[in-house]
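A short write-up of the structure that comes next.
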Amino acid sequence: MGTDNPKRISRIALLDGERWWGGGGGDGQRQPYGGGDSPRVDLRVHGNTSSPLLVSSRGRYVWSEKPFGYEFKGGELLLDSDLGPIAPVQAGETLRDAYLAAAGAHMRFGGAMPPDLFFTLPQWNNWIELFLNGMDQKAADDYTRELAGSGFPCGIYMMDGGWLSHQGSYEFYAPDYPDPHGMFDRIRSHGWTPLIWTAHFVSPDSREYKRLRYHEKFDTLDYLAYRRDPASREAAAIRWWSGISAIYDLTKPEANAYYAKTLRDFAAEYGIAGFKFDAGDPKFMAEDCRFHDPDAEPVDYTRLYAELAAREFPFHEIRVSWKCGGLPLVTRLNDLAHAWTGPRAQDRAIPQIIAAGLLGCPYALADMVGGGLEVSFVGGKIDEKLFVRSAAMQSLMPMMQFSPAPWRHLSPEGVELCRAFAALHIEFAPYILETARHAAATGEPIVRAMEYEFPGQGFARPMQQFMLGDRWLVAPVVTPDDAKTVELPAGRWRDDLGEIHTGPATLRLERVPLSRLPRYEALPPLK
């Protein structure tokens, strides 16, 4: 477990057939745990959606107020906690029992949820096209104009990164963005709600950095986090994927309020509804960072960052959160690659969204249709089948977000298929909204593991199918061979072709056309 202190280790014997979800949502592709040994996950530095919670198919859960490390080894769950031994709570008999008990005791559900627009219409994010065609106003305006003429529906339009002159600046880089007011006027003219990318970084030696950092000889604000050395009053140098920056210290109330006001003022200036909040990963702060709050850990900073997003801007997107179960957070998975298999592949989307829901973050987004990892698209190598299958999968998830422009990369037939799946999402929007409101009131996930809805029927294992609420079983094709194995629970099910099936049953679908998203509606039993 990475420690030689036995006082920190809890050893929990697994029950017969017991499987576990939770902890690190970004590790969802390995869940449920318990069927064999697993790599260690350290929640002190884990990114994406995470919480000090593990829930079991046998009605047990583990909770701690502080982050812990965990692994499954030799028929045991091993926990490494600074707080000492952790005992599981027996809350019932099923995964649902365990999760709802944990949600009631440790989460903040109370009826609040993100605005309906996130669920009812597809979103568009210009990141991939700006990365490929130039991070400037011309590329953004071209994307806006083409989207407006494409016939695709759009509710929320996200302006992604590359617009600012440097981190911490809330001014557009004038040589590349000469008329940002006009750019957003054109976005709003189509009835779309604009959001824009941001992060909590401040570039060293910028004017913002000099104003925000402590200096005993100058009238500065002391709003940046320090280096770890207790004697140092130097700002921490955070290494992240685009360089080295300081960060606003959100554990200091005055700095938190100042950052929030900076964002509000910028949004008001340009008529922007909110922000895509990037970064916040605790691993970045863990290297050499301490906060004004001496008791704060990197994960506490992550939590404060997500809470700021939810508090200040109902229209937002967040990629990393900690112990935020129950908040009305729009949660995006880690960047997914434009690939069928391998690291960050598209087949991680379903298990990661299931994991997020079991951590109390039901309003989840499976990154961008076709993938949001920009390097996957270098050279214009787009797999049309993968792109369309990704659109199909997202069409019956809580939210659907496009970035690569279908009309630029796909055949006319591929474009029409993506348009049809966007229409399918709109068709299901009333039901998706119904499940989202139910989640806000009760905590129940929108996207549910099969074991959650049908305990004891053999579904406590990794699966590439899910329940949308309690009514629809969705089984996207996630392999390039156009085949799908669908496992139906007991009961009556009507598929998307109108055929009635009686479960339990295993269906092997071959040559599934690109136009089809296999889905099965639960029917009442015959009288």
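If you scan region 478-497, which residues turn out to be in contact (Cβ under 8 Å) with a residue 60 or more places away in the chain and either among the polar types (S, T, N, Q) or under 13 Å from Glu521 (Cβ atoms) (or both)? The answer is Thr479, and nothing else. Looking across region 219-230, the residues that are assigned to a loop (DSSP other than H, G, I, E, B) and surrounded by 12 or more Cβ atoms within 10 Å (Cβ to Cβ) come down to Thr220, Leu221, Asp222, Tyr223, Ala225, Arg227, Arg228.
Please work out which residue is surrounded by the fewest Cβ atoms within 10 Å (Cβ to Cβ), limiting yourself to region 511-527 and to residues that are without any contact (Cβ under 8 Å) to a residue 40 or more places away in the chain and among the hydrophobic types (A, V, I, L, M, F, W, C). Among them, the one singled out is Leu526.
Taking the criterion of being surrounded by fewer than 16 Cβ atoms within 10 Å (Cβ to Cβ) and among the β-branched types (Val, Ile, Thr), the only residue of region 231-258 that qualifies is Ile244. Here region 7-40 is the region considered, the condition is being touching a helix residue (DSSP H, G or I) at 6+ places or on another chain (Cβ under 8 Å) and of a type in the set (S, T, N, Q), and the residue that is nearest to Ala460 (Cα to Cα) is Gln31.
Being acidic (Asp, Glu) and assigned to a loop (DSSP other than H, G, I, E, B), is that true of even one residue in region 295-304?
Our first condition is that a residue be acidic (Asp, Glu); within region 295-304, this holds for 295, 297, 300.
Next, only the ones that are assigned to a loop (DSSP other than H, G, I, E, B) stay: 295, 297.
Among the residues of region 295-304, at least one is acidic (Asp, Glu) and assigned to a loop (DSSP other than H, G, I, E, B), which makes the answer yes.
In region 416-423 there is at least one residue matching the filter, namely being more than 16 Å from Arg519 (Cα to Cα), touching a strand residue (DSSP E or B) at 6+ places or on another chain (Cβ under 8 Å) and not aliphatic (A, V, I, L, M). Considering only region 158-179, I want to know if a residue exists there that is closer than 30 Å to Ala420 by Cβ, buried (at least 21 other Cβ atoms within 10 Å of the Cβ) and of a type outside the set (D, E, K, R). Scanning region 158-179 turns up at least one residue that is closer than 30 Å to Ala420 by Cβ, buried (at least 21 other Cβ atoms within 10 Å of the Cβ) and of a type outside the set (D, E, K, R). Within region 144-167, the set of residues being free of Cβ contacts under 8 Å to residues at least 60 places away in the same chain and either of a type in the set (Gly, Ala, Ser) or in a helix (DSSP H, G or I) (or both) comprises Thr144, Arg145, Ala148, Gly149, Gly155, Gly162, Ser165.
Selection of region 31-76 for residues being over 25 Å from Leu333 (Cβ atoms) and surrounded by 21 or more Cβ atoms within 10 Å (Cβ to Cβ) yields Arg58, Gly59, Arg60.
Can you tell me which residue in region 189-203 is surrounded by the most Cβ atoms within 10 Å (Cβ to Cβ), limited to those that are over 19 Å from Gln401 (Cβ atoms) and in contact with a strand residue (DSSP E or B) (Cβ under 7 Å, 6 or more places away or on another chain)? So the residue we want is Val202.
Counting the residues of region 498-510 that are in contact (Cβ under 8 Å) with a residue 24 or more places away in the chain and surrounded by 12 or more Cβ atoms within 10 Å (Cβ to Cβ) gives 2. Checking Ala296, Ala339 one by one, the residue that is surrounded by fewer than 22 Cβ atoms within 10 Å (Cβ to Cβ), in contact (Cβ under 8 Å) with a residue 24 or more places away in the chain and closer than 25 Å to Val62 by Cβ is Ala296 and no other.
Looking across region 371-427, just one residue is in contact with a Gly (Cβ under 8 Å, 6 or more places away or on another chain), closer than 16 Å to Gly342 by Cβ and aliphatic (A, V, I, L, M), and that is Leu386.
Exactly one residue out of Ala105, Ala13 is surrounded by fewer than 20 Cβ atoms within 10 Å (Cβ to Cβ), aliphatic (A, V, I, L, M) and closer than 28 Å to Tyr301 by Cα: that is Ala105.
Please find, among Arg311, Arg264, the residue that is surrounded by fewer than 19 Cβ atoms within 10 Å (Cβ to Cβ), touching a helix residue (DSSP H, G or I) at 6+ places or on another chain (Cβ under 7 Å) and charged (D, E, K, R). I'd like the intermediate steps shown before the answer.
Numbers: Arg311 fails: touching a helix residue (DSSP H, G or I) at 6+ places or on another chain (Cβ under 7 Å).
Arg264 is the lone residue from the list that is surrounded by fewer than 19 Cβ atoms within 10 Å (Cβ to Cβ), touching a helix residue (DSSP H, G or I) at 6+ places or on another chain (Cβ under 7 Å) and charged (D, E, K, R).
A single member of Arg508, Arg471 is among the basic types (Lys, Arg) and more than 30 Å from Ser411 (Cβ to Cβ), and it is Arg471.
Annotation note: Cβ proximity below 7 Å between a residue of region 46-68 that is touching a residue at least 12 places away in the same chain (Cβ under 8 Å) and under 19 Å from Gly280 (Cα atoms) and a residue that is of a type in the set (Asp, Glu) and assigned to a strand (DSSP E or B) (sequence gap 6+ or interchain) occurs for Phe68/Asp80. Any residue that is closer than 30 Å to Ala337 by Cβ and polar (S, T, N, Q) - is there at least one of those in region 448-459? No, region 448-459 contains no residue that is closer than 30 Å to Ala337 by Cβ and polar (S, T, N, Q). The set of residues in region 169-199 being in contact with an Asp or Glu (Cβ under 9 Å, 6 or more places away or on another chain), assigned to a loop (DSSP other than H, G, I, E, B), within 23 Å of Arg319 (Cβ to Cβ) and not hydroxyl-bearing (Ser, Thr, Tyr) consists of Ala199 alone. Just checking, does region 231-245 include any residue being in contact (Cβ under 8 Å) with a residue 12 or more places away in the chain, part of a helix (DSSP H, G or I) and either assigned by TED's automatic domain parsing to the domain that holds Leu212 or more than 26 Å from Asn334 (Cβ to Cβ) (or both)? No: region 231-245 contains no residue that is in contact (Cβ under 8 Å) with a residue 12 or more places away in the chain, part of a helix (DSSP H, G or I) and either assigned by TED's automatic domain parsing to the domain that holds Leu212 or more than 26 Å from Asn334 (Cβ to Cβ) (or both). For Ala345, the conditions (1) closer than 22 Å to Gly26 by Cα; (2) hydrophobic (A, V, I, L, M, F, W, C); (3) in contact (Cβ under 8 Å) with a residue 24 or more places away in the chain are fulfilled apart from (3).
Note on region 459-496: residues that are farther than 19 Å from Ala364 by Cα and among the polar types (S, T, N, Q) total 2. When the residues of region 60-90 are filtered to those that are touching a helix residue (DSSP H, G or I) at 6+ places or on another chain (Cβ under 7 Å) and charged (D, E, K, R), the one that is farthest from Val299 (Cα to Cα) is Arg60.
The values are calculated or read from the model by the stated rules, or taken from the named source; none is laboratory data. Note that the structure is a prediction, hence the values are computed from the model and not measured. Neighbour counts run over all protein chains shown; Cβ positions are idealised from the backbone, glycine included.
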